[in-house]
Structure formats: structure tokens, C-alpha cells
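Below is one structure, written out as C-alpha cells; the observations come after it.
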Amino acid sequence: MTGNRGFGIDIGGSGIKGGVVDLDVGQLIGERLRVPTPKPSTPDAVAEVVAGIVREFGWTGPLGVTLPSVIHRGTVRTAANIDKGWLDTDAASLFAKNLDRSAEQIVVLNDADAAGVAEVRYGWPGDQRGVVVLLTFGTGIGSALFIDGVLVPNTEFGHLEVDGHDAETRAAASVKEDEELSWEQWAKRVSRYISVLENLVWPDLIIAGGGVSKKADKWIPLLDVRTRVVAAELRNDAGIVGAAAASAVLVPPRPPLGS
Ligand code: BGC
């Protein structure tokens, strides 16, 4: 650990962003750096950009990195909106190799899980006990599930089947753009999606994140759902902040009993 600072990198479809985070308050210290995501976004090309960003800041401590993927025990298991070459990659080892350091210093987690960690720790100030779901509406739909503030990783609620469709293909923010939907039309789709989700996990609160949360007043009031929905407080930097926070709480797993 480097005092109360951490370092986070958020890998998205269009940009890779990184910066130093004040872990006491969950805010960037100074500017973040953004580099366009290489095309194609292969693991090697992306890892090179990640290493470049870390070096630019001269950061030598632990770091957190997000990917828009299921990360199961460090291995990338899905690649819905990134290069398929990521599948089965041991992401922490890949980043570590490029940075010439040990993989134990790097935590890799799903982008929505990271945004959720940031939001639960530093964001929405109301009651976050019980079942809280953070949803990110962007190119896809990301999800993070918390039970009394503890993350249940890799929920992937964006891929729930809703009326025979993969939910994010109907209700992501990118679909609003692509199909030129009005706020009302899109809010209807989001409502339908949330209704399916809320019958599954009965959340106490839903926090809506992603770029479109900047315009929360245009669509959250239009939602027709049972659960209270609030807009995320942390906007673009939630992934960086959450990744940094996750790396700071890295603890080695307990050895099996009897060993
Ligand atoms: C991916 C998730 C990701 C979300 C937001 C989905 O397509 O499956 O892992 O969190 O997009 O990027």
C-alpha cells in the first residue's frame, strides 16, 4: 500500500482510463489518463496500453484493473463486448508480465463490480443495507450485486433473458442511440428489464450507473418498477475508483483447514 492512495485502470470498449485514487474519499488525485482502446482490443495490445499508463504515473504499488468480462479467480471467462482473444486469459499474470512485477500485486475485476464497489463505498449516501444492485447502462448492461455491502461478483444480470432477448440487446444505453429511441420508449424497455430482475432477486435498492446516469432526471422518473431506483453518484471515474479500492483490500485467501 502507498499511504491512502491506490491506482485503478478501467478498460472499456472505446477508452482505457487510469489514475491515482485517494482511497479515503474515493476521488482521483490529479488528472486521469485516457488512451483509446486499441483495435482490435487483443490482450497483448491492451496490456501494453495498461503498462504504459501505469508507467506514465510512475506507480509501483498494487493496482486494480477492470474488464467488461466475467473474471473468475483471475481468469477471463466471457467477452461479450471485447475481443474474443481474452477468453481464458489469466489477466493479472498478463498485466504483471508487461509491468515486470508479481501478479499478486494486481487485482482484475469486472467493470460493473468495480463501479459498484466505488458506489457502495463512496457514493450514494443512503441506506445500503440488504440487497443492493448497481446497474451500468452503456454499450452493454453491467451489474453488481451487494448483500449488506458485500459484493457477490460476476452476476451478469445484463444478460438475463427478457421476452426472448438477451436483455442488454434491448435495454442498454447504446440501443437507445442505435434505434433512436425517445426517453419514454427506452424507459419502457428498462422498466421491463428491471421488472424481470426484481422478481429474481428482490432488491432493496437499485443504483443506476453508466454514462446515461448523467441524464438520470430524464428517465429515472419514467420508470415503472417496484424497487427504488437512484442515480449513481460517481460518474465516469467509478471504474477507476472501484478498481483502486479493490486492490487495496486484496487479502490472500485463507489456507484450507488443516493445512
Ligand atoms: C458484459 C459484462 C459487463 C457489461 C458492461 C456486458 O456485456 O457481459 O461483463 O460488465 O457488459 O460493460
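The values are calculated or read from the model by the stated rules, or taken from the named source; none is laboratory data. Not measured: the values here are computed from a predicted model. Every residue, glycine as well, gets a Cβ built from its backbone with ideal geometry; the counts of neighbours run over all protein chains shown.
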Kindly check whether there is at least one residue in the range 129-138 that is out of contact with any helix residue (DSSP H, G or I) (no Cβ under 8 Å at 6 or more places or on another chain), surrounded by fewer than 16 Cβ atoms within 10 Å (Cβ to Cβ), assigned by TED's automatic domain parsing to the domain that holds residue 197 and not β-branched (Val, Ile, Thr).
yes
Test set (1) outside the structural domain of residue 46 (by TED's automatic domain parsing); (2) surrounded by 24 or more Cβ atoms within 10 Å (Cβ to Cβ) - residue 109 fails condition number
(1)
Looking only at the range 61-76, and only at residues there that are closer than 16 Å to residue 113 by Cα and more than 13 Å from the ligand (Cβ to nearest atom), the one that is surrounded by the fewest Cβ atoms within 10 Å (Cβ to Cβ)
73
How many residues are more than 16 Å from the chain's Cα centre (by Cα), among the small types (Gly, Ala, Ser) and in a loop (DSSP other than H, G, I, E, B) when one looks only at the range 58-100?
2
Output for Cβ contacts, cut-off 8 Å, separation at least six or different chains, first residue farther than 22 Å from residue 116 by Cα in the range 156-178, second away from the ligand (no atom under 13 Å from the Cβ) and in a loop (DSSP other than H, G, I, E, B), reads 170/163; 175/181
Could you check the range 77-112 and list, in sequence order, the residues that are β-branched (Val, Ile, Thr) and more than 10 Å from the ligand (Cβ to nearest atom)?
89, 106, 107, 108
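Listed residues 118, 45, 114, 51; which is closer than 25 Å to residue 208 by Cβ, modelled with pLDDT of 95 or more, out of contact with any Ser or Thr (no Cβ under 8 Å at 6 or more places or on another chain) and of a type in the set (Gly, Ala, Ser)?
That would be 118, the only listed residue that is closer than 25 Å to residue 208 by Cβ, modelled with pLDDT of 95 or more, out of contact with any Ser or Thr (no Cβ under 8 Å at 6 or more places or on another chain) and of a type in the set (Gly, Ala, Ser).
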